[in-house]
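A.B. asks: Take a look at this one; I'll ask things after.
No lab work stands behind these numbers, since they all come straight from the coordinates. Predicted model, so just to flag it, every value in this text is computed and none were measured. Using ideal geometry, Cβ is built from the backbone for each residue, glycine included, and neighbour counts are taken over all protein chains shown.
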């Protein structure tokens with residue numbers, strides 16, 4: 001507010017001061033506007049220069065790619081300085097860049113390790129016996145393994161005697177998938193010299209019977225030894241197999257040594273000689289117990305079958 005004197009007249013000095021302030025404010029506004037315009041103009045000039053430089057670089061790049069020029073003065077290839085890593089930083093960098101390969105390899109190393117450990121822990125049988133009789137005896141494999149192991153030796157020198165009975169019953173004229181699988185498994189083993197023992201019955205194929213060893217001349221006076229092998233037709237063997245109603249005609253035989261598709265005759269003969277010692281001990285045991293009479297208390301429920 002302009003001060004007035006007693007006669008209501010504005011003082012001249014206040015008026016001049018306010019006009020001076022107004023003038024100064026206008027000058028400041030003009031200066032601010034001028035600086036803003038100069039700044040915007042500078043920005044536009046910089047943007048134009050940048051666009052021009054980019055266009056020139058694009059042209060140079062096209063020339064380089066098309067082989068028009070070999071080197072550009074405006075486009076310079078930049079190389080990041082090589083950083084030398086040491087210690088843990090070098091190890092971490094390696095794992096970071098190769099983690100997928102490391103994970104992939106580690107997976108197979110673990111699987112291989114598990115399989116290897118399992119193979120080492122699993123004992124290999126000293127004697128493998130193929131059960132081709134199809135009369136229920138295949139359900140008494142545990143009893144047979146335990147019995148035959150009493151007379152077996154540590155043939156593979158691994159510190160333990162292991163006997164394995166492999167059940168692959170053969171049925172004449174069978175065409176189902178399981179029967180075909182059993183035939184393939186058994187006939188495949190006939191191509192090797194490793195497995196000598198066979199448990200069969202009177203339904204055995206004649207061609208197979210012709211390939212069994214006749215050892216009757218070595219066991220004269222042994223009623224249990226026939227041309228086929230050791231007969232299980234005795235009360236004692238019913239007890240051993242825990243099979244009260246086991247059909248007649250079952251026998252333990254040995255394959256005659258021959259040259260197989262995979263092994264030499266000498267290899268099978270060596271395996272046969274080892275098996276023969278076990279065969280002889282079993283024959284002697286059964287012959288010594290030929291007068292045994294089975295009793296009802298001889299038979300217990302088997303863990304792998306309810307057959308009696």
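A.B. asks: Any idea what the alpha-carbon Rg over 2.2 N^0.38 Å comes to for segment 125-297?
C.D. replies: For segment 125-297, the normalised Cα radius of gyration comes out at 1.00.
A.B. asks: Another question, then. Viscosity 0.692 mPa s, temperature 37 °C: what is the translational diffusion coefficient of segment 212-308 from Stokes-Einstein with a Kirkwood Rh over Cα pairs, rounded to a whole number of µm²/s?
C.D. replies: For the chosen part, D equals 219 µm²/s.
A.B. asks: Something else about it: Mind sorting 22, 144 by how few other Cβ atoms lie within 10 Å of their own Cβ, fewest first?
C.D. replies: 22, 144
A.B. asks: What ranking do 158-168, 131-141, 24-34 get when scored by the average of other Cβ atoms within 10 Å per residue, highest first? Each step should come with its number before you reach the end.
C.D. replies: On the way: 158-168: 16.8, 131-141: 21.4, 24-34: 10.0.
My ranking of the peptides, most packed first, is 131-141, 158-168, 24-34.
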